[in-house]
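The values are calculated or read from the model by the stated rules, or taken from the named source; none is laboratory data. Everything numeric here is computed off the predicted structure, so don't read it as measured data. As a convention, Cβ positions derive from the backbone with ideal geometry for all residues, glycine included, and neighbour counts pool all protein chains shown.
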Amino acid sequence: MRLDRISLMSFFFCVFMALQVQHSAAFGDGVAVGDVAPDFKLMNVDGRMVELSDYKTKKGAIIVFTCNHCPYSIKYEDRIIQLHEAFAPLGFPVIAINPNDATKVPEDSFENMKVRASEKKFRFPYLVDESQQVAKAYGAKRTPHVYVVFNTAEGPSVQYIGAIDDNASDASAVETKFVRDAVTSLIDGKLPSTSLTKAIGCTIKWKN
Amino acid sequence: MSVLMLAVMGIVFSGIEEVNLATLQSRINRSSDTTYVVNFWATWCKPCVEELPAFEALARKYADQPMVVLLVSLDSPEDRMKKVEPFIRRRGYTRSQVVVLNEPKPHLWIDRVDPSWSGSIPATLFIRGNRRLFGEFQFDEVKLDSTFQSFRKGSQ
């Protein structure tokens, strides 16, 4: 009897594992909206390690895969700073992560990240994803690529993936501010009405 | 009169057209016998710029066959005269057709190019009649040529 229960349990475990595999295959690489946000531990420009779990007392976080060199990232730099200024006090600070291979783009080296962070007076961490494992775990494809994370009882949940807004080249011509709208909804206790957007951006420079 | 001539010549030489998605779509559907190789690029995108010579070489190699190489720049429209034209002139690309896509809201049109597109460039669409092949490829001359040939073979 006891044996039966164990075999039944292992049967369910196998089914569960199979579903997990199917799930990740169906979504390709990375996370989908509603998935648990993968934890990470990366070095900040100040030399300290930052973990997503450091943020579990906040309402959530705005994770931005970005870099120094990409013209789209540069166009969005001030808007990323503004997001942090607007939402860090409301419980959604920005965490910037540079996933690019610095041997391919020297401008994105750790040293140059430090320079940029101090020039632009980043008040949020600017982390280096040296192994590129975090970008892969999230499924980030380009810079900038945003993941809005909302802390729930079950852990940090990805609630928005995509672009910052609908106009990269002209901040004054923006009509829809996707990240702002998503975070505002979450603060109001609602799910974001738009949870996934696509945007043009620089391909992440992967290691060979 | 000479001013008028200069103005006309200016228009002729400016060469690079600004298109919206509808115009672009009609351009790559003109003939079902023609293979269109549509590459999405920008002057600021390093891997894009690196693979452009392969596209111009493809256009030259198959110049006598029903195929068109269309280089769709995603530079902002205000960079069309400032960056895209000088770049194309400097590179001496004459076989490829070049346009600048003027569609301000990428989230509305990326899926219309192809639902599998993440929005990263370079990205290339091969199209012939109803057959399509899309990918965020990174091509060199050999790889582009073999992809083009196998796509064409499959669509005959």
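Scanning the range A:40-82 for residues that are in a loop (DSSP other than H, G, I, E, B) and closer than 25 Å to B:SER120 by Cα yields A:PHE40, A:THR66, A:CYS67, A:ASN68, A:HIS69, A:CYS70. The range B:1-71 holds helices (runs of 4 or more DSSP H) entirely within its bounds, and those carrying 1 or more residues that are modelled with pLDDT under 95, out of contact with any Gly (no Cβ under 7 Å at 6 or more places or on another chain) and charged (D, E, K, R) map to B:21-27, B:46-61. Entry remark, the range B:88-107: residues being farther than 14 Å from B:LEU24 by Cα, within 14 Å of another protein chain (Cβ to nearest Cβ) and out of contact with any Lys or Arg (no Cβ under 9 Å at 6 or more places or on another chain) number 2 in total. Considering B:SER146, B:SER116, the condition of being of a type in the set (Ser, Thr, Tyr), closer than 28 Å to A:PHE65 by Cβ and surrounded by fewer than 15 Cβ atoms within 10 Å (Cβ to Cβ) is satisfied by B:SER116 alone. The set of residues in the range A:147-165 that are in contact with a strand residue (DSSP E or B) (Cβ under 8 Å, 6 or more places away or on another chain), within 12 Å of chain B (Cβ to nearest Cβ) and either polar (S, T, N, Q) or under 16 Å from B:TRP109 (Cα atoms) (or both) comprises A:GLY162, A:ALA163. For first residues located in the range A:104-121 and more than 14 Å from chain B (Cβ to nearest Cβ), partners that are hydroxyl-bearing (Ser, Thr, Tyr) and lie 6+ apart or on another chain with Cβ distances below 7 Å form the pairs A:MET113/A:TYR126; A:ALA117/A:TYR126.
One line per residue, one yes/no per condition, for (1) in the same structural domain as A:PRO125 (by TED's automatic domain parsing); (2) under 20 Å from A:CYS202 (Cα atoms); (3) surrounded by fewer than 23 Cβ atoms within 10 Å (Cβ to Cβ):
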position: A:ILE62; (1), (2), (3): yes, yes, no
position: A:CYS70; (1), (2), (3): yes, yes, no
position: A:ILE74; (1), (2), (3): yes, yes, yes
position: A:ASP78; (1), (2), (3): yes, yes, yes
position: A:HIS84; (1), (2), (3): yes, no, yes
position: A:LEU90; (1), (2), (3): yes, no, yes
position: A:ASN98; (1), (2), (3): yes, yes, no
position: A:ASP108; (1), (2), (3): yes, yes, no
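Quick check on the range A:166-182: of everything there that is touching a residue at least 40 places away in the same chain (Cβ under 8 Å) and buried (at least 23 other Cβ atoms within 10 Å of the Cβ), which residue is nearest to the other protein chains (Cβ to nearest Cβ)? Restricting to residues being touching a residue at least 40 places away in the same chain (Cβ under 8 Å) and buried (at least 23 other Cβ atoms within 10 Å of the Cβ), the top hit is A:ALA168.
Of everything listed in (1) touching a residue at least 40 places away in the same chain (Cβ under 8 Å); (2) under 15 Å from the mean Cα position of the chain (by Cα); (3) within 14 Å of chain A (Cβ to nearest Cβ), the single unmet condition for B:VAL49 is (1).
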